[in-house]
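Rule-based calculations on the coordinates, nothing more; no lab input. Please read all numbers here as calculations on a predicted model, not as lab measurements. Using ideal geometry, Cβ is built from the backbone for each residue, glycine included, and neighbour counts are taken over all protein chains shown.
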Amino acid sequence: MKDTVTDFLTLLYQENCTCVVSFQTSKIKQKKPNVGLYYPADNHILKQGMFQVSCSVKENKDIFTKRLLTITHNDTKGQRSVTHFEFNAWDYTSDVPKSSKDYLDLIKSVDSTLRETSNRGPVLVHCLDGSGKSALFCVVSILLEKMDIYQEVSVVNTIRKVRSRRKSAIPSKEQFEFCHECVLSYVKSFEYSQYANFTTSISSVPDA
C-alpha cells in the first residue's frame, strides 16, 4: 500500500532479498489507486523514506517483465541489488493464469536467476491479498522442486503444508486443478525416460 512502501523496502533491504516476484501488474495498479509503487520508471530514481531506488529493464516479454532494482540506504550508504519479475499473463479477475506453459516459464526464469546469484537470499512474492496469486506460485514452485528431487509429488499434501502457514492458500478448485496441470506440463517437457512411466498416472488419477 502507499503508506507501507518504506516498510516494504526495509524488508527487502534487511533480509537481503535476491528476487521479487510481483503479481501486481500495471492494470491492477490502475484499478487500485491505493497500491503503492516501490520502484521508479526505467533510469529514474525513487526516494522513499531512508531509501533511494533505481530501476533498469533487463527483459521485456509478453508474459513477464524482468527488472534490476538497486536499493540504496541513505544512512549507511549500503546497496542491495534485487531482480524483479512482474508477471503479466494473468487476468486480475481470474483465479488462474492464462497458461501453465507461461507460468512455468516464469518459474524457470526465477530459478535460473537464483542459480546465477552468488550471494543468494530469500525470494519475496507478493500480490494484492498476499495469498490468492502468491500462494499458487509458492505451491507450484515447491511441487516442481519435489519432482526434480523425488520424481513424485502429492499436490494435496503440498497444499496442506502451505495452508498450515497461510490458511487462504489455493482457495478454489480452479487453482487446485491448475497445480496438477503445471506438474503434468512440467513432466511432459522432458524427453528423457525417468518421467515416462508415471506421466499417464498423473493425468488420469486425481490427487484428492
Fewest-first ranking of LEU69, LEU46, using other Cβ atoms within 10 Å as the exposure measure: LEU46, LEU69
Exposed-site-free run, longest, the chain (rule: chymotrypsin sites (Phe, Trp or Tyr not before Pro); DSSP loop; at most 13 other C-beta within 10 Å): 1-189
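Let me have the 222 nm mean residue ellipticity of the chain computed from DSSP H runs of 4+ only, each contributing -39500 (n - 2.57), with the sum over all residues rounded to the nearest 500. It would help to have the intermediate numbers written out before the result.
Working: 7 runs with 81 residues, N = 208.
Rounded to the nearest 500, it is -12000 deg cm²/dmol.
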Over the range 137-189: Rg over Rh, Cα atoms, Kirkwood Rh: 0.95
For the range 1-120, alpha-carbon Rg and Dmax in angstrom: 14.7, 44
Sparse-neighbour loop sites [trypsin sites (Lys or Arg not before Pro); the range 73-102; at most 16 other C-beta within 10 Å; DSSP]: LYS77, LYS98
Inter-part distance where the range 56-97 and the range 120-150 are each reduced to a Cα centre, Å: 16 Å
Sequence-separation-based contact order of the range 1-118, relative, with Cα cut under 8 Å and 6+ spacing, percent: 23 percent
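How big is the antiparallel share of DSSP beta bridges in the chain, given as a percent to the nearest 5? Intermediate values should be presented prior to the final figure.
On the way: 22 of 30 bridges.
Antiparallel: roughly 75 percent of the beta bridges in the chain.
May I ask you to derive the relative contact order of the chain, considering only C-alpha pairs under 8 Å and at least 6 residues apart, and to give it as an integer percent? List each step's numbers first, then the result.
Numbers: 301 pairs, mean separation 39.5, N = 208.
Relative contact order here is 19 percent.
If I take all pairs of Cα atoms in the chain, what percentage of them are more than 23 Å from each other? Write out the running numbers ahead of the final one.
On the way: 10471 of 21528 pairs.
The share of Cα pairs beyond 23 Å in the chain comes to 49 percent.
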